[in-house]
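Bear in mind these aren't lab numbers, they're just calculated from the coordinates by the rules spelled out. In this text the structure is predicted, and so the values were computed from the model without any measurement. Because the Cβ atoms are built from the backbone with ideal geometry, glycine has one as well, and the counts that use them run over all protein chains shown.
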Amino acid sequence: VQLQASGGGLVQAGGSLRLSCLASGNIGSRDSMSWYRQIPGRQRELVARLQLGVKAIYADSVRARFVISRDENTLYLQMNSLEAEDTAVYYCQTNKYGRTYWGQGTLVTVSS
C-alpha cells in the first residue's frame with residue numbers, strides 16, 4: 001500500500017483548500033482511511049476518518065468546517081473557513097493487514 005498526499009499550500013484565514021490522497025495497492029472500498037495533522041513539537045492528531053468507506057468522524061476542532069470523502073482510491077479533505085490554528089503538515093493514513101501506512105505529508109499554512 002502506498003499513499004500519496006497533495007494539495008497543501010498557503011491560504012489566508014477564512015479560505016479553503018482541498019487535500020487529496022491517492023492510494024495504490026490493495027485498498028478496498030471498505031478500508032477505513034484517515035487524515036491526521038502534526039504541528040512541530042506536538043503529537044500527530046486525528047483530523048477526520050472515513051470508517052468502512054461510509055461513516056465520517058471528525059475532531060471537534062474541525063467539525064462543520066472540514067469534509068472527508070472518498071472517490072474510489074482517492075481520499076479527500078475539503079477544508080473550509082481555515083484558521084491559523086489549522087497550520088500543520090497533513091498526513092493520510094490507513095491500516096491494512098495489521099500494518100499502518102502513512103502518506104508523505106502535505107504542508108498547509110494559514111496566514112492570519
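Give, as a single signed number, the net charge of other residues whose beta carbon lies under 14 Å from the beta carbon of Asp86, with Lys and Arg counted +1 and Asp and Glu -1.
Working: positive: Arg18, Arg37, Arg42, Arg63, Arg65; negative: Glu45, Asp60, Glu83, Glu85.
Taking every Cβ under 14 Å from that of Asp86, the sum is +1.
What do you get for GluC sites (Glu not before Pro) in region 43-104 restricted to DSSP loop and a cutoff of at most 15 other Cβ within 10 Å of the site's Cβ?
Numbers: sites: Glu45, Glu72, Glu83, Glu85; in loops: Glu72, Glu83.
In loop regions of region 43-104 (DSSP not H, G, I, E or B), the sparsely surrounded GluC sites (Glu not before Pro) are Glu72, Glu83.
Show me, for region 75-90, the HN-Hα J-couplings you get by feeding each phi into the Karplus relation (A = 6.51, B = -1.76, C = 1.60, θ = phi - 60°), rounded to Hz, glycine and proline as x.
9, 10, 9, 8, 10, 10, 6, 5, 10, 4, 5, 7, 4, 4, 8, 9
Okay, which of region 2-40 sit inside 13 Å, backbone N to the point 7 Å along the Cα-Cβ direction of Gln78?
16-19
Would you calculate the separation in nanometres between label points at Asp60 and Tyr97, each defined as 7 Å from the Cα along the Cα-to-beta-carbon direction?
Once both label points are built, they end up 3.9 nm from each other.
Give, as a single signed number, the net charge of other residues whose beta carbon lies under 15 Å from the beta carbon of Gln104, with Lys and Arg counted +1 and Asp and Glu -1. Could the numbers behind the result be given before it?
Working: positive: Arg37, Arg44; negative: none.
Residues close to Gln104 contribute a combined charge of +2.
Taking just the alpha-carbon atoms of the chain, what radius of gyration and Dmax come out, in angstrom?
Final numbers for Rg and Dmax: 13.2, 42 Å.
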